[in-house]
Structures are given as structure tokens and as C-alpha cells.
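These notes are about the structure you will find just below.
Laboratory data are not the source of any read-out in this text; all were calculated from the coordinates shown. Model, not experiment: these values are computed from the prediction. Cβ: placed from backbone, ideal geometry, glycine included. Neighbour counts: every protein chain shown.
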Amino acid sequence: MVVVIATVVIRDDEDRVLLVKENGLWAIPGGKVEKGERVIEAAEREIREETGYLTIIMSLARIYELRKEDNYHLFFVFKARIGEKQGEGIRGCAWFHLEEIKSLNAYPETYPLLKGLEKESPDPAEYPFKIHFYL
């Protein structure tokens, strides 16, 4: 089964990244694209639901794929600017500098993805599985 995921990387004026707490792990905010929904709409909805923030999507930063158990996950990673806070999100969220994320209890792909966004062209990452980055 193919699962399409929309995620959003948001940085603040101090170059910190907004992460959410999910299943006891820190993650880039995002989630599954629902039936009939555009990927960018899912990205905006997920940020609003998880963090309470409105966002302004600036660009598509990466597309990457992962095989998890029997499912194939296709991730669309957007960059966005933070907008107005409209309420509390359903997940705990916090701002982190990139090097702090390296030592966080986070999903394995979180740090390599964020580190890779600093480069113009991505390299495949081994961590502990192969992540194929595109764009």
C-alpha cells in the first residue's frame, strides 16, 4: 500500500525548527493526505491541527520515500513561514536548533532530512535504512 504524507519544515527567526511530539518521538509536523485532498492542502491542515499555527507554504523542499513494514511511504516536504497561532494543537510542539535535534528522541529520518535541506542537492542517507531523497 502507498501512503502519501505531507510534512512542513518551519523555521523561526532564530533558525530553530518546529517539531511535534508524536508517539513519544519528536517529528516534523505532518500526516497522511486524505482522500480527495491535495498534498499542499494536507500540509496546511496538518500544521493547523497539530500545532494550532496557520502557515504560508513557500516551496516544495524534498520528496522522499521510505518502506515501513508492508507500506511504502511517499513524503512531500514543504518549507513554510509561520503564521498566526489560532489555538492549541493536538500535539505538543517546541522549537529546536538543528544540532539539538541530532540528540533528541526523534524519528530516525528527522535529523538527516533537516541536515540535507541545508545542501542544494540531497544524498541518499543510511539511517538505519536507505532514504531516497529527490529534488
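The three principal axes of the Cα atoms in segment 1-57 give end-to-end lengths of 37, 27, 17 Å, sorted in falling order. Checking [x] 1.15; [y] 0.98; [z] 0.93 against the coordinates, the calculated Rg/Rh (Cα atoms, Kirkwood Rh) falls under label [z].
Please report the antiparallel percentage of DSSP beta bridges with both residues in segment 2-134, rounded to the nearest 5. Don't skip to the end; give the middle numbers.
Details: 29 of 39 bridges.
Counting only bridges with both partners in segment 2-134, antiparallel ones make up about 75 percent.
Computed over the chain with a Gaussian network model linking Cα atoms closer than 10 Å, the most mobile of GLY36, GLY24, GLY87 is GLY36.
Return the single residue from ALA94, ALA106, ALA42 with maximal mean-square fluctuation; model: Gaussian network over the chain, springs between Cα atoms under 10 Å. Highest fluctuation among the options: ALA94. Take the Cα of GLU14, step 7 Å toward its Cβ, do the same at VAL39, and the gap between the two points is 3.2 nm.
Between ARG62, ARG81, ARG45, the GNM of the chain built on Cα springs shorter than 10 angstrom shows ARG81 fluctuating the most. Between GLU99 and GLU84, the simple label model (points 7 Å from Cα in the Cβ direction) yields a spacing of 3.8 nm.
The spacing between segment 1-40 and segment 48-112, judged by their C-alpha centroids, is 3 Å.
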